[in-house]
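J.: One structure, pasted below without further comment.
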Amino acid sequence: MKKLIGNDWDQILAPVFESEDYRNLHNFLKEEYSTKQIYPDMYHIFTAFKLTPFDKTKVVILGQDPYHNPGQANGMSFSVMPGTTLPPSLRNIYKELYDDVGARPVNHGYLKKWADQGVLLLNAVLTVPYGHANGHQGKGWEKLTDEAIKKLSDRGKVVFILWGKFAQNKIPLIDQSKNFIIKSSHPSPFSADRGFFGSRPFSRCNQALINFGETPIDWQLPETVTQQDLA
């Protein structure tokens, strides 16, 4: 069995990792990484899975694909490396976070504290070429990430936070009798005023976790990120 992640996700996703489709994706990525600037770096492709094992996942925040500019992507959806300017969507997430649960905005966008508590910060596509959003869409990642969503759905007691149409297209993969879905418009500046602001996803998520008998998430991020915090 391939051990690409280093925790129980390897077994959960083994059928995908051992498939011809994944071999094709792997060969495609080898060529892409050797000839282009691809994000995140190859050592951080599976960071979301590494930080949040299958049996510890309580929440999924689903993004589309990584940030495509230098120094941003770190393998977690919506998260950026410390020292990077906050992307507009993340600034809006912080605004709603404060309005919803009173969590103070911080001056970095490194979301590892959420991942450590069981929030799987999953992008549907795990790599992207420099400056080309969605550039690796349809190359094979969706089979892996769809399988992850389906396995979590089958296990149950997961809160799926789905912002925007792209994420909400994954709803057919989720058994709503066993899980809880929170959906709204995307936090992007283009759509945040159309239902994201005021949607209270963080408090609703915590109430759903309590209803499942799970510990709620402490959404307050640390003021600073130390070297030890970096994944």
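The values are calculated or read from the model by the stated rules, or taken from the named source; none is laboratory data. Keep in mind that this is a model prediction, so the values were computed, not measured. Reconstructed Cβ throughout: ideal geometry from the backbone, glycine too, with neighbour counts over all protein chains shown. Each accessible area value is taken on the protein alone, full model and side chains, heavy atoms only, with ligands, DNA and RNA left out. Shrake-Rupley method; radii C 1.70, N 1.55, O 1.52, S 1.80 Å.
J.: Please determine, by comparing only the residues of segment 175-201 that are part of a strand (DSSP E or B) and out of contact with any Gly (no Cβ under 9 Å at 6 or more places or on another chain), which one is farthest from Lys157 (Cα to Cα).
T.: Among them, the one singled out is Ile182.
J.: Please list, ordered by first then second residue, the pairs with beta carbon atoms under 7 Å, 6 or more apart or interchain, first in segment 130-152 and at pLDDT 95 or above, second assigned to a helix (DSSP H, G or I) and open to solvent by 60 Å² or more (accessible area, probe 1.4 Å).
T.: That search, which allows pairs on different chains as well, returns Gly140/Asp21; Gly140/Asn24; Lys143/Asp21.
J.: Only residues in segment 200-220 that are on the phi > 0 side of the Ramachandran plot count as the first member; pair them with residues that are open to solvent by less than 70 Å² (accessible area, probe 1.4 Å) and at pLDDT 95 or above, Cβ under 8 angstrom, at least 6 apart or cross-chain, and list the lot.
T.: Here the result reads Arg200/Glu96; Arg200/Asp100, each pair linking segment 200-220 to a residue that is open to solvent by less than 70 Å² (accessible area, probe 1.4 Å) and at pLDDT 95 or above.
J.: Also, quick follow-up: Among Glu142, Glu214, which is the only one that is open to solvent by 10 Å² or more (accessible area, probe 1.4 Å) and within 14 Å of the chain's Cα centre (by Cα)?
T.: Values: Glu214 fails: within 14 Å of the chain's Cα centre (by Cα).
Going through Glu142, Glu214 in turn, the sole match is Glu142.
J.: Within segment 166-192, track down each residue that is open to solvent by 50 Å² or more (accessible area, probe 1.4 Å), in contact (Cβ under 8 Å) with a residue 12 or more places away in the chain and not hydrophobic (A, V, I, L, M, F, W, C).
T.: Selection gives Gln168, Asp175, Lys178, Lys183, His186, Pro189.
J.: Read through the list (1) at pLDDT below 95; (2) farther than 21 Å from Ser89 by Cα, then give the number of the only condition that Pro189 fails.
T.: In the conditions (1) at pLDDT below 95; (2) farther than 21 Å from Ser89 by Cα, Pro189 misses (2) alone.
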